[in-house]
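In what follows, a structure is listed as structure tokens, so that the remarks can point back to it.
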Amino acid sequence: MNTDLKYYIKQFDNFIEKDICEKTIEEMKKIEFHQHTFYNVETGTNSAVLGSKELSVSWGEVSTQKLITEKLKNCIKDYIEYINMPWFKSFQAYSIIRFNKYDENTEMALHCDHIHSMFDGKRKGIPILSVLGILNNNYEGGEFIMFDNYKINLKIGDVLIFPSIFLYPHKVKSVNKGTRYSFISWVW
């Protein structure tokens with residue numbers, strides 16, 4: 001087993017076609033977004049850690065969503081093949097995609113994706129993989145940072161998969177110009 005944490009961060013370049021990304025963004029402009037919050041286990045409440053600087057998110061639907069979701073299934077299978085662990089050959093399911101919108105001067109605070117809120121009693125498990133897709137690159141800033149200072153250069157159509165545990169803290173730096181669009185799904 002590879003003990004280098006970076007080994008388990010896998011980038012799939014140009015996995016989502018540019019025209020699908022562009023169509024998704026156009027439709028995202030018509031769905032409702034709200035400010036992202038983090039759950040605080042100590043207080044049992046949700047709050048925007050960065051206040052008004054926190055990005056906006058949406059579980060809204062767009063016409064390309066089913067196509068992207070199907071493509072992610074293959075990406076996840078490729079990731080599992082890449083890590084090549086005999087005891088980890090499949091996954092139970094993955095979440096519908098959540099859309100992320102970073103307007104100018106918004107970002108995402110350092111965190112890990114050990115999310116419990118997607119499990120409503122019907123679904124059982126914990127997220128084991130995070131699947132991030134980038135829909136555009138016509139913005140400035142908004143760098144994806146893993147750990148404290150490991151910058152991962154992402155461009156339109158790229159998909160990034162990494163473990164959803166405490167060993168993989170990450171953040172998105174503030175967008176300085178334009179709007180950064182992405183999506184996220186979680187595998188369990």
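The modelled label-to-label distance for the pair residue 1/residue 126, using points 7 Å beyond Cα in the direction of Cβ, is 1.5 nm.
Cα gyration tensor of the chain, axes a ≥ b ≥ c as square roots of the eigenvalues: rounded (a/c below 1.5), prolate (a/b > b/c) or oblate? Verdict is rounded for the chain. Among beta bridges identified by DSSP and lying wholly in the chain, the antiparallel ones come to about 100 percent. Neighbour counting of Cβ atoms within 10 Å sorts the residues 16, 96, fewest neighbours leading, into 96, 16.
For the pair residue 81 and residue 109, a Förster radius of 30 Å applied to the C-beta separation gives a FRET efficiency near 0.35, rounded to the nearest 0.05. Calculated mean residue ellipticity, 222 nm, the chain: -5000 deg cm²/dmol, from DSSP H runs (n ≥ 4) at -39500 (n - 2.57) each, averaged per residue and rounded to 500. Filter the GluC sites (Glu not before Pro) in the stretch 30-77 down to the DSSP loop ones having no more than 15 other Cβ atoms within 10 Å, then list what survives. Listed in order of number, the matching sites are 32, 42, 61.
Quick one: order 175, 57 by neighbouring beta-carbon count within 10 Å, fewest to most.
On the way: 175 21, 57 18.
The order, fewest Cβ neighbours first, is 57, 175.
The chymotrypsin sites (Phe, Trp or Tyr not before Pro) of the stretch 1-100 that meet both conditions, a loop assignment by DSSP and at most 11 other Cβ atoms within 10 Å of the site Cβ, are 87.
Length gained on full extension, residue 19 to residue 89: 22.0 nm, using 0.36 nm per residue less the C-alpha separation. With the simple spin-label model, which puts each label point 7 Å out from Cα in the Cβ direction, the residue 30 to residue 49 separation comes to 3.4 nm.
Each reported figure results from applying straightforward, stated rules to the coordinates on display, with no laboratory input. Everything numeric in this text was worked out from a predicted model, so none of it was measured. Note: ideal-geometry Cβ built from the backbone for every residue, glycine included; neighbour counts use all protein chains shown.
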